[in-house]
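The values are calculated or read from the model by the stated rules, or taken from the named source; none is laboratory data. No experiment lies behind these values; they were computed from the predicted model shown. Neighbour counts are summed over all protein chains in view; Cβ atoms, including those assigned to glycine, are modelled from backbone coordinates with ideal geometry.
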Amino acid sequence: MSRRLAREIAFRALFQIDVGKALPRPALRYALEGQSFSQEQICFIEELVHGVCNHRQEIDELIGKHLVNWELKRISAVDRNLLRLALYEISHRPDIPPAVSINEALELAKKYGGTSEAVAFINGLLDRAAGDSHGREE
C-alpha cells in the first residue's frame, strides 16, 4: 500500500468524523473495511487520524490564521479535512517533507471532485502554513 492510499483511507475516516459525527475508532473501522493492510500500514493510518483528532483545535486555528476573508466553517468538508490532514503532517511529522504533504492533499482534492479553484485554494493555504515559522514543531 502506498502512503497515498493510506492518506486517502485516513481522509475518509476524518470526513466521517467531521460530517457524520462518527467517533474515530468506528470511522477507522469502516474506512478500513474490505481493505487488506499490513499492521505497519494500519498504524500509519491510525496515527494520521488520531493525530488530526488530537490536534484538531490547533490545526483549525492554523487554518484560520491563513484564511483571508473566510471562515473555517464555510470551507467544504472535503477541503477542510484535506487541509487538516496535510497540516497535521506538516506540523507533527518532521519525517515527511511539507512539499509531499501538500502534493498528496492536492492529488486527493482532485480525486474527490475539487474544482481548480478549490485545488488552488488548498495549495495556497498549505504553502503559506508550511512557510510559517510556527508551522512545524521544534
message: Can you tell me which residue is farthest from the chain's Cα centre (by Cα) among those in the stretch 113-128 that are in a loop (DSSP other than H, G, I, E, B) and loosely packed, with under 15 Cβ neighbours inside 10 Å?
response: Thr115
- prompt: So which of Arg56, Arg80, Arg74 is surrounded by fewer than 16 Cβ atoms within 10 Å (Cβ to Cβ), closer than 23 Å to Ile17 by Cα and either in contact with a Gly (Cβ under 9 Å, 6 or more places away or on another chain) or modelled with pLDDT of 95 or more (or both)?
  reply: Arg56
Matching option when the condition is part of a loop (DSSP other than H, G, I, E, B), free of Cβ contacts under 8 Å to residues at least 60 places away in the same chain and surrounded by 13 or more Cβ atoms within 10 Å (Cβ to Cβ), among Leu67, Leu106: Leu67
query: How many of the residues making up the stretch 6-45 are more than 22 Å from Arg74 (Cα to Cα), crowded, with 17+ Cβ neighbours inside 10 Å and without any contact (Cβ under 8 Å) to a residue 24 or more places away in the chain?
result: 4
field: Subset tally (residues that are assigned to a helix (DSSP H, G or I) and either among the small types (Gly, Ala, Ser) or farther than 18 Å from Ser116 by Cα (or both)) for the stretch 70-80
entry: 3
